[in-house]
1. Does any residue in the stretch 147-165 that is at positive phi come within less than 9 Å, Cβ to Cβ, of a residue that is in a helix (DSSP H, G or I) and among the aliphatic types (A, V, I, L, M) six or more places away or on a different chain, and which pairs are these?
2. Filter the stretch 176-212 for residues that are more than 16 Å from ligand 2 (Cβ to nearest atom) and within 16 Å of the chain's Cα centre (by Cα); which is nearest to THR36 (Cα to Cα)?
3. For the stretch 203-222, state whether one or more residues are within 16 Å of ligand 1 (Cβ to nearest atom) and out of contact with any Phe, Trp or Tyr (no Cβ under 6 Å at 6 or more places or on another chain).
4. When you scan the stretch 347-392 for helices (runs of 4 or more DSSP H) that lie fully inside it, which ones turn up with 1 or more residues that are under 21 Å from PRO261 (Cα atoms)?
5. Given the condition in contact with a helix residue (DSSP H, G or I) (Cβ under 8 Å, 6 or more places away or on another chain), more than 16 Å from ligand 1 (Cβ to nearest atom), part of a loop (DSSP other than H, G, I, E, B) and within 17 Å of VAL281 (Cβ to Cβ), answer yes or no: does some residue in the stretch 145-154 qualify?
6. When the residues of the stretch 92-123 are narrowed to those that are assigned to a strand (DSSP E or B) and of a type in the set (A, V, I, L, M), which ends up nearest to ligand 2 (Cβ to nearest atom)?
7. Considering only the stretch 8-22, how many residues are within 13 Å of TYR38 (Cβ to Cβ) and among the acidic types (Asp, Glu)?
8. Condition first: within 11 Å of ligand 2 (Cβ to nearest atom) and modelled with pLDDT under 90. Now tell me which residues in the stretch 31-49 satisfy that.
Amino acid sequence: VDEAVMEDMKRLEETFRGISDRFRLVNKIGEGTFSTVYKAEDLHYDHYYNDWDFDREKNNDHPPSKRRRLGNGQSRSWSSHPKRKSRYVALKKIYVTSSPLRIQNELELLFDLRGCKSVCPLITAFRHQDQVVAVLPYFPHTDFRIQYRTFMVADMRCYFRSLFTALQAVHKHNILHRDIKPTNFLYNPERREGVLVDFGLAEREGSDCAPPCFCVNAPNVRRFRVIGNHYSTHISTGYPKNDSRPSRRANRAGTRGFRAPEVLFKCTSQTTKIDIWSAGVILLTLLGRRFPFFNSADDIDAMIEMASIFGIRRMKATATMHGQVFETNIPTIGEKGYGWEKLVVWSSCLQSLTESEKQATRLLSGLLELDPQKRLSAKDALQHEFFTNPID
Ligand code: ADP
Ligand code: MG
């Protein structure tokens, strides 16, 4: 462990009252925008493990606010966590700059998802002054940046079976994760299973208060729309300077390169399908052997990348679907886009695709579908021939 990390862990143990009584920090395992994550040994593991089942039965159906006072005066939070096999935990130190509402949101959604096998459960959470630490079971996993090059189609099948199983469970609760990407899905190749982590941006479907987006209409109704838009997205040589139109607000949280087209087009009726798009981007990375696949600096750049693949015609149709206008004068973007097989071949520098890669590419095209209503759901994806009738 390098010295700066040792210093950092020591500081946390010293400043966060009570933490060193219960945990011994081992290493830093992650650093994100909103948190730092440490691997730690739970020093109370044996004791904790023994009274766990008893505690759990009584607490299972109570919301997070209803905590039970324990005999020793400590309050223990809710959790749904099945028997813990390891004494190691991940301590997620949420930065004090995160709003309390955001932290509460993450903890509440995780409470809703308790019992979902492929969602990393929350063991408990501690607060010391303005600092919050969430305690999660530690999941051994491999770093995607290292493993993605060696992934065979059979490995992709295991990875995505696990990911779509997790998403199906989350979406069944009408929850959008909003930040599906490799670092938020901890995959263990030996167990061929992964768990979803990081519900920091997650939200319930339908939580946008703005008027519904035009895209909620059935595709045949959308076609008869009179063009007369309030909003506009310009990709041209510059942005309109004196644009008096009201700008539309929509949740655009997520990670660059993984955002669905409806997120870029500021759709106010985003659904769980945005997670499916992001899962599609992961599959594209694996098939195309390129990480990150999309590498845009901002939303406009991301639209240009998308337009280079799908072509102007389909991008315009997508924009219209969300009540927007898409214009571009970039000469290299064609009217018609390219097929996925061709793109995967180009990206991966392969001569041609095997039958199993072609099958995976057919799944890919169902995931990276511009129209969220036509895009596969997690349940549909699991019933795709790629899983039910694998060619290997
Ligand atoms: P952030 O909001 O900062 O992105 P995450 O919850 O995504 O925080 O965690 C950041 C990183 O920490 C993950 O990408 C992963 O490498 C590691 N991590 C998080 N939770 C666990 C866990 N339960 N077990 C092992 N590693 C974890
Ligand atoms: Mg994360």
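1. Every condition considered, no pair remains.
2. Here the answer is ARG204.
3. At the first step, the residues of the stretch 203-222 found to be within 16 Å of ligand 1 (Cβ to nearest atom) are 203.
Imposing the further condition that a residue be out of contact with any Phe, Trp or Tyr (no Cβ under 6 Å at 6 or more places or on another chain) reduces the set to 203.
Yes, some residue in the stretch 203-222 is within 16 Å of ligand 1 (Cβ to nearest atom) and out of contact with any Phe, Trp or Tyr (no Cβ under 6 Å at 6 or more places or on another chain).
4. Here the list reads 355-367, 378-382.
5. For the stretch 145-154, residues in contact with a helix residue (DSSP H, G or I) (Cβ under 8 Å, 6 or more places away or on another chain), more than 16 Å from ligand 1 (Cβ to nearest atom), part of a loop (DSSP other than H, G, I, E, B) and within 17 Å of VAL281 (Cβ to Cβ): present.
6. Among those that are assigned to a strand (DSSP E or B) and of a type in the set (A, V, I, L, M), it is ILE94.
7. Residues meeting the conditions: 2.
8. Across the stretch 31-49, the qualifying residues are GLU31, GLY32, THR33, PHE34.
The values are calculated or read from the model by the stated rules, or taken from the named source; none is laboratory data. Since this is a predicted model, take the numbers as computed values, not measurements. Methodologically, a virtual Cβ is constructed for each residue, glycine included, from the backbone with ideal geometry; neighbour enumeration extends over all protein chains shown.
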